[in-house]
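Student: Here you go, one structure.
The values are calculated or read from the model by the stated rules, or taken from the named source; none is laboratory data. It should be emphasised that the depicted structure is a prediction, and the values quoted were computed from it without experimental measurement. Cβ: placed from backbone, ideal geometry, glycine included. Neighbour counts: every protein chain shown. Areas reflect the complete protein model, heavy atoms only, side chains present, ligands, DNA and RNA absent. Shrake-Rupley method; radii C 1.70, N 1.55, O 1.52, S 1.80 Å.
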Amino acid sequence: MSSPVETLVNNEYKYGFVTDIDADAAPRGLNEEIVRLISAKKGEPDWLLDWRLRAFRGWQKMSEPHSWPNIHYDPIDYQDIIYYSAPRTAKPLGSLDEVDPRLLETYTKLGIPLSEQKVLAGVAVDAIFDSVSVGTSYKARLLEEGIIFCSFGEAVREHPELVRTYLGSVVPSSDNFFAALNAAVFSDGSFVYVPKGVKCPMELSTYFRINAEGTGQFERTLIIADEGASVSYLEGCTAPRRDTNQLHAAVVELVALDRASIKYSTVQNWYAGDEKGVGGIYNFVTKRGKAQTGAKISWTQVETGSAITWKYPSVILQGDDSVGEFYSVAVVNGRQQADTGTKMIHMGRNTRSTIVSKGISAGQGQNSYRGQVRVLPRAHGARNYTQCDSMLIGNRCGAHTFPYIDVQNPTASLEHEASTSKIGEDQLFYCKQRGLNTENAISMIVNGFCKEVFKELPMEFAVEAQKLLGISLEGSVG
Amino acid sequence: MLEIRGLRASAGGNEILRGIDLSVNAGEVHAIMGPNGSGKSTLAQVLAGHPAYEVTGGQVTYMGQDLLEMEPEERAQAGVFLAFQYPVEIPGVSNAYFLRAAYNEIRKARGLEELDPMDFLDVLEEKLKVVEWGPEIMSRAVNSGFSGGETKRNEILQMAVLEPRLAVLDETDSGLDIDALRIVAGGVNRLRRPDNATIVVTHYQRLLNYIVPDYVHVLSAGRIVRSGGKELALELEARGYDWVEAPAGVA
């Protein structure tokens with residue numbers, strides 16, 4: 001009899017279908033002409049094209065990071081990727097009623113109905129299909145409060161001054177290899193602006209869907225909370241099941257001005273590849289926020305999908321008394337690899353940060369937590385609390401922890417706690433002896449382990465995340 | 001209710017149970033005593049279906065079913081309950097959630113409707129009295145940060161909620177002070193009914209002052225070497241295990 005805490009296989013990925021729709025795609029490969037083509041297709045102003053071209057030239061001098069992350073893959077052939085693909089519905093849409101029914105159907109199938117009658121109560125959704133936004137719900141309602149929630153492309157057209165002021169202000173185009181690539185070729189994404197003193201009355205969310213084959217997805221999200229404003233934002237991601245790897249290199253920038261608050265939650269469920277490690281999304285994402293005086297930025301992520309995840313949602317605590325938080329659940333199963341964590345850069349006085357990371361490894365998955373806490377000389381009284389827990393399911397997976405701590409101010413106070421546990425046969429047996437079957441027992445134990453992170457998610461999504469975790473670990477024990 | 005015939009079991013290649021015979025009827029309390037290493041806890045674990053033990057021979061019939069063919073959760077759903085010697089922690093899962101999940105699994109298996117959290121609270125309220133506990137304990141994570149005595153009380157609380165037909169208490173008295181022992185034993189006694197049975201595994205006679213058995217069996221080197229009434233426990237207390245170590249006729 002094989003041990004119950006072992007063997008891993010086929011979890012059915014239920015979002016693996018393909019929508020049959022004509023796409024307007026750029027030719028394969030990357031050069032200045034492609035960058036110009038994307039910019040032209042979007043009808044962008046010259047300053048933005050120049051920004052892209054500078055990023056592209058910078059990118060050409062950079063190389064893919066292979067030495068430091070604990071992930072292993074063959075170098076990507078950047079000339080074999082399609083950098084722009086849009087469902088051929090041509091003109092900008094006046095309202096959701098004009099969206100191609102096949103696209104609406106796709107989102108309904110994904111559990112994200114876009115029509116406002118059916119949509120989750122109190123959640124506004126921007127749907128990104130391949131490279132472009134196909135619809136945003138509740139726009140009018142939000143605009144009553146002065147809140148702008150639209151696709152990135154629309155923001156460039158309608159609110160160029162805001163975009164120009166803040167684009168690249170948190171993640172410069174020269175930041176890293178993938179951020180530079182994104183800056184050169186990004187096609188769409190979501191844009192949010194919440195004016196001074198306004199508390200956004202509903203959850204905002206973006207739903208990313210990769211459909212076309214051989215394309216990369218390079219979206220860019222920019223969220224600005226003006227002084228005293230607050231907003232909660234959620235993104236979800238899925239992609240079809242394919243046997244080639246697809247690159248997703250997104251950038252998210254959060255700008256929290258004085259006393260503003262931004263909560264950004266991610267439930268990432270890109271296709272993870274099959275049990276042999278064939279196919280799946282390379283999720284190489286740069287996410288960062290900058291918090292001004294008394295502002296708060298909170299990242300919550302539940303990462304269950306992707307063949308490889310490389311992301312470090314970070315906070316630059318620039319203003320005095322600003323607060324940064326990072327709550328993460330990362331699950332690897334099958335042959336998945338994740339190298340994820342955060343950076344908390346304390347610049348202002350009395351800045352505070354909290355890091356809670358829960359890594360779960362099953363199958364032959366490899367999970368790394370990589371976190372940096374930096375306290376700069378001016379950051380008197382800075383405080384950080386880090387808790388980093390790993391759970392192993394089975395004998396063939398791995399958990400790794402790489403904490404970096406750099407303190408340049410003697411009044412700072414940092415705490416770091418770490419633990420590694422294994423779902424043991426005793427824990428499973430205890431649950432089974434009380435009448436629970438193996439899958440329910442695992443799901444209960446894992447959800448308990450992740451509880452501190454799930455309680456940070458908006459209510460509706462916490463339930464989703466728990467279910468997703470159950471699906472991701474399905475079949476992780478024999 | 002339970003018929004054990006010639007049960008043999010091993011762990012890691014070492015034979016621990018070497019032919020156990022035991023009959024337990026509804027309404028009875030059986031005490032299994034014996035020195036350390038005699039196989040008492042192994043017997044309890046094998047009855048519950050722990051995967052670390054391999055059954056190498058014999059039969060166990062429970063309520064007319066072949067117990068050894070059943071998965072651990074099927075045994076639990078059929079009413080077999082093991083009070084663990086070392087109850088396991090489940091961080092982040094509240095006692096209330098865990099108990100309700102278990103309770104509902106067992107109800108489902110018996111064709112009954114599951115209870116929602118509110119209705120379950122009413123059930124709990126009654127059961128908490130069995131172990132003289134208030135409701136605060138229900139919001140704590142299962143056995144996390146519990147004292148030794150609290151984990152054992154929690155086992156009895158689970159037993160009270162799940163209402164097993166056959167309860168096996170594995171060294172439930174170990175690590176208990178006298179007050180906790182009184183509460184735990186009191187709980188077990190309140191749960192005794194004509195239609196259920198209890199097997200009490202213990203090293204010491206002390207527990208049997210509180211839970212009075214109908215039968216006492218002494219286990220030595222994986223076999224039952226002597227059986228008798230409750231007075232056998234007292235005799236063991238007076239004369240020690242050496243007295244019965246070797247099966248009669250061999251010494």
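Student: Testing residue B:81 on (1) at the interface with chain A (Cβ under 7 Å from one of its Cβ atoms); (2) within 15 Å of the chain's Cα centre (by Cα); (3) part of a strand (DSSP E or B), one condition comes back false. Which one is that?
Tutor: (1)
Student: A follow-up question, please. May I ask you to verify whether residue B:54 is within 14 Å of chain A (Cβ to nearest Cβ) and more than 26 Å from residue B:138 (Cβ to Cβ)? Write out each step before concluding.
Tutor: Working: within 14 Å of chain A (Cβ to nearest Cβ): yes; more than 26 Å from residue B:138 (Cβ to Cβ): yes.
Criteria met by residue B:54.
Student: What is the one condition in (1) under 13 Å from the mean Cα position of the chain (by Cα); (2) without any contact (Cβ under 8 Å) to a residue 40 or more places away in the chain that residue B:29 does not satisfy?
Tutor: (2)
Student: Tell me which residues, restricted to the stretch A:62-77, are in contact with a helix residue (DSSP H, G or I) (Cβ under 8 Å, 6 or more places away or on another chain) and either open to solvent by 70 Å² or more (accessible area, probe 1.4 Å) or free of Cβ contacts under 8 Å to residues at least 12 places away in the same chain (or both). Before you say what the answer is, go through the steps one by one.
Tutor: From the stretch A:62-77, those in contact with a helix residue (DSSP H, G or I) (Cβ under 8 Å, 6 or more places away or on another chain) are A:62-65; that's our starting set.
Scanning the stretch A:62-77 gives a single hit, A:63.
Student: Please determine whether any residue of the stretch B:169-182 is under 30 Å from residue B:65 (Cα atoms) and within 14 Å of chain A (Cβ to nearest Cβ).
Tutor: Yes: the stretch B:169-182 contains one or more residues that are under 30 Å from residue B:65 (Cα atoms) and within 14 Å of chain A (Cβ to nearest Cβ).
Student: Checking residue A:412 against (1) in contact (Cβ under 8 Å) with a residue 40 or more places away in the chain; (2) within 14 Å of another protein chain (Cβ to nearest Cβ); (3) more than 18 Å from residue A:367 (Cβ to Cβ), only one condition comes out false. Which one?
Tutor: Every listed condition holds for residue A:412 apart from (2).
Student: Looking at residue B:109, is it within 14 Å of chain A (Cβ to nearest Cβ) and either open to solvent by 30 Å² or more (accessible area, probe 1.4 Å) or over 18 Å from residue B:48 (Cβ atoms) (or both)? Steps first, please.
Tutor: Details: within 14 Å of chain A (Cβ to nearest Cβ): yes; either open to solvent by 30 Å² or more (accessible area, probe 1.4 Å) or over 18 Å from residue B:48 (Cβ atoms) (or both): yes.
In short, yes.
Student: Looking at the structure I just gave you, is residue B:10 touching a Ser or Thr at 6+ places or on another chain (Cβ under 8 Å), more than 11 Å from chain A (Cβ to nearest Cβ) and in a loop (DSSP other than H, G, I, E, B)? Break it down stepwise before answering.
Tutor: On the way: touching a Ser or Thr at 6+ places or on another chain (Cβ under 8 Å): yes; more than 11 Å from chain A (Cβ to nearest Cβ): yes; in a loop (DSSP other than H, G, I, E, B): no.
Taking the combined requirement at face value, the residue does not satisfy it.
Student: While we're on this one: Give me the pairs, please: first residue somewhere in the stretch A:451-463 and within 14 Å of chain B (Cβ to nearest Cβ), second residue anywhere and among the hydroxyl-bearing types (Ser, Thr, Tyr) and outside any helix (DSSP H, G or I), beta-carbon distance under 8 Å, and either six or more positions apart or on two chains.
Tutor: Partner pairs satisfying both residue conditions: A:452/A:327; A:453/A:300; A:453/A:327; A:453/A:328; A:456/A:265; A:456/A:298; A:456/A:300; A:456/A:327.
Student: Taking only pairs six or more apart or across chains, which ones have beta-carbon atoms under 9 Å, a first residue in the stretch B:78-93 that is at positive phi, and a second residue that is among the charged types (D, E, K, R) and surrounded by fewer than 24 Cβ atoms within 10 Å (Cβ to Cβ)?
Tutor: B:79/B:110; B:79/B:163; B:79/B:165; B:92/A:451; B:92/A:452
Student: Of everything in the stretch B:84-99, what is facing another protein chain (nearest Cβ under 7 Å) and among the hydroxyl-bearing types (Ser, Thr, Tyr)? Give them in sequence order.
Tutor: Those that are facing another protein chain (nearest Cβ under 7 Å) and among the hydroxyl-bearing types (Ser, Thr, Tyr): none in the stretch B:84-99.
Student: Continuing with this model, one more query. Here are the criteria: (1) among the polar types (S, T, N, Q); (2) part of a strand (DSSP E or B); (3) free of Cβ contacts under 8 Å to residues at least 40 places away in the same chain. Tell me which single one residue B:59 does not satisfy.
Tutor: (3)
Student: Taking residue A:432 as the residue in question, decide whether it is among the charged types (D, E, K, R), within 10 Å of another protein chain (Cβ to nearest Cβ) and crowded, with 16+ Cβ neighbours inside 10 Å. Explain how you work it out, then say what you get.
Tutor: Numbers: among the charged types (D, E, K, R): yes; within 10 Å of another protein chain (Cβ to nearest Cβ): yes; crowded, with 16+ Cβ neighbours inside 10 Å: yes.
For residue A:432, the condition - among the charged types (D, E, K, R), within 10 Å of another protein chain (Cβ to nearest Cβ) and crowded, with 16+ Cβ neighbours inside 10 Å - is met.
Student: So, one more: Would you mind telling me which numbered condition in (1) without any contact (Cβ under 8 Å) to a residue 60 or more places away in the chain; (2) open to solvent by 40 Å² or more (accessible area, probe 1.4 Å) residue B:180 fails?
Tutor: Unmet for residue B:180, out of (1) without any contact (Cβ under 8 Å) to a residue 60 or more places away in the chain; (2) open to solvent by 40 Å² or more (accessible area, probe 1.4 Å): (2).
Student: Take the stretch B:54-73 and flag every residue that is closer than 13 Å to residue A:433 by Cα and open to solvent by 80 Å² or more (accessible area, probe 1.4 Å).
Tutor: The initial filter retains those residues of the stretch B:54-73 that are closer than 13 Å to residue A:433 by Cα, namely B:70-73.
Matches in the stretch B:54-73: B:71 only.
Student: If you check residue B:19 against the conditions, is it closer than 12 Å to residue B:222 by Cα and under 15 Å from the mean Cα position of the chain (by Cα)?
Tutor: Working: closer than 12 Å to residue B:222 by Cα: yes; under 15 Å from the mean Cα position of the chain (by Cα): no.
Criteria not met by residue B:19.
Student: Checking residue A:363 against (1) farther than 16 Å from residue A:413 by Cβ; (2) open to solvent by less than 10 Å² (accessible area, probe 1.4 Å); (3) in a strand (DSSP E or B), only one condition comes out false. Which one?
Tutor: (3)
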